[in-house]
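Before any comments, here is the structure.
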Amino acid sequence: MAFFYHKMKLVLRVSICLFVLAFPAKSSDKIVIFAASSLTDVLRDIAQKYSATSPNVDVKISYASSGVLARQIEQGAPADIFISANQDWMTYLVDRQTIDDSNITPLLSNELVVVMHKDNAPKPWTDVIMSDRFTMGDPAHVPAGIYAKQALEHSGIWNEVRKNAVFGENVRVSLRLVSKGDVGAAIIYNSDALLEEGLVIVHRFRAMQHGEIFYPMVALRQDKAVTSFVKFLSSVEAIAIFSAAGFKPIISHVDGKTNG
């Protein structure tokens, strides 16, 4: 009897093991997003909103300047979605046959502004950057810096003020410098300017003064989880978060068509 009982326990254990092996626990899908630094806060909020409705999808986001991220993708970094702060770095990847341009979608637009710490405003912004240090993204690879240089060239003052420019490795570095009072002014995006209560927007560049500011997006991997997140970026919830953060959504909700 004892032998029979022991044998039944063994059979039961084996049966349980076989059942577990036949129906393993569902593992979470993982999405890796490479995104421009200016999207840090807003994408974090959107990812949290998405995770509330898709708890089985693990969203990881890596932030840096668009140029740094594009070069990492070119070298084989495992990104599933790339959101750049300008088209040039998308074109860079298309030219190197890393991505297909037919998969690129315009997602957002932004404004370029000059900000000062509230203790320094309302001094004329041109007087400040001509006589004091100011910060902007590095125009060698940071989209915000490229736009800033174009705007200053259009204003006819780039050659006079470039000696005072402190180049940030991304737009968030420039935001920190001006927030701490290390420089007299910063040329950054409108969305970044809204993040710090101590900053005042003293000038808005006109769109004609620089290249078109928009954020293209591309999916580098096509699967259910990636497609689901990309679709969520055009949802009513995501568009509301983008808008509240100072961005102008280009893609409309549900149908994925761009706003005209």
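Which pairs do you get when a residue that is closer than 20 Å to Thr98 by Cβ, found in segment 217-229, comes within reach of a residue that is among the charged types (D, E, K, R), reach meaning Cβ atoms under 6 angstrom, with the pair 6+ apart or on two chains? Close Cβ pairs (under 6 Å, with a partner that is among the charged types (D, E, K, R)) amount to Leu220/Asp80; Arg221/Asp80; Val226/Asp80.
Condition test on Val202, is it farther than 30 Å from Gln48 by Cβ, open to solvent by less than 10 Å² (accessible area, probe 1.4 Å) and either modelled with pLDDT under 95 or outside any loop (DSSP other than H, G, I, E, B) (or both)? Answer is no for this residue.
What are the residues in segment 214-246 that are exposed (fewer than 13 other Cβ atoms within 10 Å of the Cβ) and hydroxyl-bearing (Ser, Thr, Tyr), if any? If you could, list the steps in order and put the result at the bottom.
Step one: filter segment 214-246 for residues exposed (fewer than 13 other Cβ atoms within 10 Å of the Cβ), giving 222-224, 227, 236, 244.
Thr227, the sole residue that qualifies.
Evaluating Val142 against the criteria (1) open to solvent by less than 10 Å² (accessible area, probe 1.4 Å); (2) modelled with pLDDT of 95 or more leaves one unmet condition, (2). Before we move on, is Gly211 over 27 Å from Gln72 (Cβ atoms), touching a helix residue (DSSP H, G or I) at 6+ places or on another chain (Cβ under 8 Å) and open to solvent by less than 30 Å² (accessible area, probe 1.4 Å)? Taking the combined requirement at face value, the residue does not satisfy it. The residues of segment 158-174 that are within 11 Å of Ser131 (Cα to Cα) and either in contact with a Ser or Thr (Cβ under 8 Å, 6 or more places away or on another chain) or open to solvent by less than 40 Å² (accessible area, probe 1.4 Å) (or both), listed by number, are Val161, Asn164, Ala165.
Of all residues in segment 6-65 being at pLDDT 50 or above and part of a loop (DSSP other than H, G, I, E, B), which is surrounded by the most Cβ atoms within 10 Å (Cβ to Cβ)? Out of the qualifying residues, it is Ser65.
Among the residues of segment 66-84, those identified as free of Cβ contacts under 8 Å to residues at least 24 places away in the same chain and surrounded by 15 or more Cβ atoms within 10 Å (Cβ to Cβ) are Ala70, Arg71.
Would you confirm, using the coordinates I've provided, whether Asp127 is open to solvent by 50 Å² or more (accessible area, probe 1.4 Å), free of Cβ contacts under 8 Å to residues at least 12 places away in the same chain and either closer than 11 Å to His203 by Cβ or not polar (S, T, N, Q) (or both)?
Values: open to solvent by 50 Å² or more (accessible area, probe 1.4 Å): yes; free of Cβ contacts under 8 Å to residues at least 12 places away in the same chain: yes; either closer than 11 Å to His203 by Cβ or not polar (S, T, N, Q) (or both): yes.
Here the answer is yes, as Asp127 does meet what is asked.
Residue by residue, here is whether (1) closer than 20 Å to Leu43 by Cβ; (2) out of contact with any Leu (no Cβ under 9 Å at 6 or more places or on another chain) holds:
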{"position": "Asp95", "(1), (2)": "no, yes"}
{"position": "Leu107", "(1), (2)": "yes, no"}
{"position": "His117", "(1), (2)": "no, no"}
{"position": "Trp125", "(1), (2)": "no, yes"}
{"position": "Pro143", "(1), (2)": "yes, yes"}
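Screening Leu108 on (1) out of contact with any Lys or Arg (no Cβ under 7 Å at 6 or more places or on another chain); (2) touching a residue at least 24 places away in the same chain (Cβ under 8 Å) shows it passes everything except condition (1).
The values are calculated or read from the model by the stated rules, or taken from the named source; none is laboratory data. If you're wondering where the values come from, they're calculated on a predicted model, not measured in any experiment. Heads up, the Cβs are rebuilt from the backbone with ideal geometry, glycines too, and the neighbour counts pull from every protein chain shown. Each accessible area value is taken on the protein alone, full model and side chains, heavy atoms only, with ligands, DNA and RNA left out. Shrake-Rupley method; radii C 1.70, N 1.55, O 1.52, S 1.80 Å.
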